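The values are calculated or read from the model by the stated rules, or taken from the named source; none is laboratory data. Keep in mind the model is a prediction, meaning the values are calculated, not measured. Neighbour counts are summed over all protein chains in view; Cβ atoms, including those assigned to glycine, are modelled from backbone coordinates with ideal geometry. Keep in mind that these areas ignore ligands, DNA and RNA; they rest on the heavy atoms of the full protein, side chains included. Shrake-Rupley method; radii C 1.70, N 1.55, O 1.52, S 1.80 Å.
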Amino acid sequence: MSLVSPWRSDFPALAILEAQGQTYLDSAATAQKPQALIDALTGYYTCGTANVHRAQHQAAERATRAFENSRIKVAHWLNAQSPTEIVFTHGATEALNLLAYGLEHRVRPDDEIVVSALEHHANLLPWQQLARRRGARLVVLPLDEQGLIDLDAAARLIGPRTRLLAVSQLSNVLGAWQPLAQLLPLAKAQGALTVVDGAQGVVHGRHDMQALACDFYVLSSHKLYGPEGVGALYGRGESLLELHHWQFGGEMVRVADFQSAEFHAAPLGFEAGTPPIGAVIGLGATLDYLAKLDGAAVTAHEQVLHMKLLAGLAVRPSVQVLGKPQVALASFRVEGVHHGDLAHLLTEQGIAIRSGTHCAQPLMKSLGVDGAIRVSLGLYNDGTDLERFFAALDQSLELLR
Ligand code: PMP
């Protein structure tokens, strides 16, 4: 019997894609959107848009209230201590760049910035470029055979010169939870600030910022079933005080003169210009929707899908899964078959997967591969999707061999 997702009908795109013969298995790239989000966006744009934090008129007050409510919802979702610890950005990438510029003053020549070998380019290149600007060194933590950051190596490599540690909670390629509870204290003990890229981790379960004890945590709305164009940066109250302003313009400034200006503290001081108001409101509505679901049931559903996916891959000869994925995601290769050719045939059969280096070229190089196919599932996927995928995989492999 097929495993059915009770939430599938909350996502209207799934039925439309299905009618077009498409099986959506690319949620780690971006997730489909629930009706609750679509309704919120329609409501906001239909009832009169307005800029936030600026005007007194009714529509502006309504927009500001809804916008700030979303900040409260994100803070609540992450168990932040206060909504003022949440800065809205245009995505996880922008939040990481914000940090790399905002913390630049803390990095001096010969200091070290520590990342891991599994980072997405979004959590590698901003730090690499910061290191280059400041004459600092980028130190890369190696992985063990499970695809986890090697803690023994980390204990050796994180030292008195470490100013920043920036690591992913969950790799977008390997899908394994990183040992942050052991890793972050190593950096803390050296007085370094810690940054967690939660773009993938935030999608799978709720994470408590007070328990995680990082200085900064970055998330992306569009992977969490919310709209594109918005992300959030969580910063612990005292850690936010370390940030220097990085983008300048309207609404982030308290007093401005021709030659000088005084800026707001976080969050407004880091939200220069008109923010993505509709998207922020939409993210709030998405979190409301997700908060109403039975989180344990969602996790259990995704775990069953995950086991089916791994079991199906394991019985097919010559299929090699990268690492040991723990969430409903798997990147794999097939011996003797180019991932691009396989992806082409799967795509022709309506299977929406992604192939290539997944914005993690150094990881691929360190694994000794030139790319992989990634299947990634959301809470709306069900057993039929996997059956279609495996049927298409078998047919493709038959053609290619
Ligand atoms: N980090 C990771 C681990 C990701 O998977 C992604 C998105 N692919 C990002 C960062 C960047 O997120 P955004 O699309 O919001 O910029």
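Points worth noting:
- Per-region count, region 135-167, residues open to solvent by 20 Å² or more (accessible area, probe 1.4 Å), closer than 28 Å to Gln320 by Cβ and within 24 Å of the chain's Cα centre (by Cα): 9
- Among the criteria (1) part of a loop (DSSP other than H, G, I, E, B); (2) surrounded by fewer than 24 Cβ atoms within 10 Å (Cβ to Cβ), the one Val173 does not fulfil is (2).
Conditions (1) at pLDDT below 95; (2) open to solvent by 60 Å² or more (accessible area, probe 1.4 Å), marked per residue:
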{"position": "Gly350", "(1), (2)": "no, no"}
{"position": "His358", "(1), (2)": "no, no"}
{"position": "Gln361", "(1), (2)": "no, yes"}
{"position": "Ala372", "(1), (2)": "no, no"}
{"position": "Leu377", "(1), (2)": "no, no"}
{"position": "Asp382", "(1), (2)": "no, no"}
{"position": "Glu387", "(1), (2)": "no, yes"}
{"position": "Leu393", "(1), (2)": "no, no"}
{"position": "Leu400", "(1), (2)": "yes, yes"}
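- Scanning region 78-105 for residues that are crowded, with 18+ Cβ neighbours inside 10 Å, more than 16 Å from the ligand (Cβ to nearest atom) and not in a loop (DSSP other than H, G, I, E, B) yields a total of 2.
- In region 31-47, the residues that are touching a Lys or Arg at 6+ places or on another chain (Cβ under 8 Å) and open to solvent by less than 30 Å² (accessible area, probe 1.4 Å): Ala31
- A search for C-beta distances below 6 Å between a residue of region 179-190 that is over 16 Å from His207 (Cα atoms) and any residue that is open to solvent by 70 Å² or more (accessible area, probe 1.4 Å) and not small (Gly, Ala, Ser), counting only pairs 6+ apart in sequence or on different chains, returns Gln190/Pro160.
- Residues located in region 13-30, provided they are within 16 Å of the ligand (Cβ to nearest atom) and either open to solvent by 70 Å² or more (accessible area, probe 1.4 Å) or touching a His at 6+ places or on another chain (Cβ under 7 Å) (or both): Thr30
- Residues of region 119-134 satisfying the condition of being of a type in the set (A, V, I, L, M, F, W, C), within 21 Å of Lys188 (Cα to Cα) and either in a loop (DSSP other than H, G, I, E, B) or open to solvent by 60 Å² or more (accessible area, probe 1.4 Å) (or both): Leu124
- Contact map, region 144-161: residues that are assigned by TED's automatic domain parsing to the domain that holds Pro179 paired with residues that are open to solvent by 10 Å² or more (accessible area, probe 1.4 Å) and of a type in the set (Val, Ile, Thr), Cβ distance under 6 Å, separation 6+ or inter-chain. Pairs shown: Leu157/Val139.
- Qualifying residue in region 365-377 (condition: more than 14 Å from Asp26 (Cβ to Cβ), outside the structural domain of Leu118 (by TED's automatic domain parsing), of a type in the set (Ser, Thr, Tyr) and part of a helix (DSSP H, G or I)): yes
- Listed by position, the strands (runs of 3 or more DSSP E) enclosed by region 226-345 that each have at least 2 residues that are within 16 Å of the ligand (Cβ to nearest atom) and in contact with a Gly (Cβ under 9 Å, 6 or more places away or on another chain) are 231-235, 329-334.
- For Ala55, the conditions (1) open to solvent by 30 Å² or more (accessible area, probe 1.4 Å); (2) modelled with pLDDT of 95 or more all hold with the exception of (2).
- Count of residues meeting criterion [open to solvent by 10 Å² or more (accessible area, probe 1.4 Å) and either away from the ligand (no atom under 11 Å from the Cβ) or at pLDDT below 95 (or both)] in region 194-204: 1
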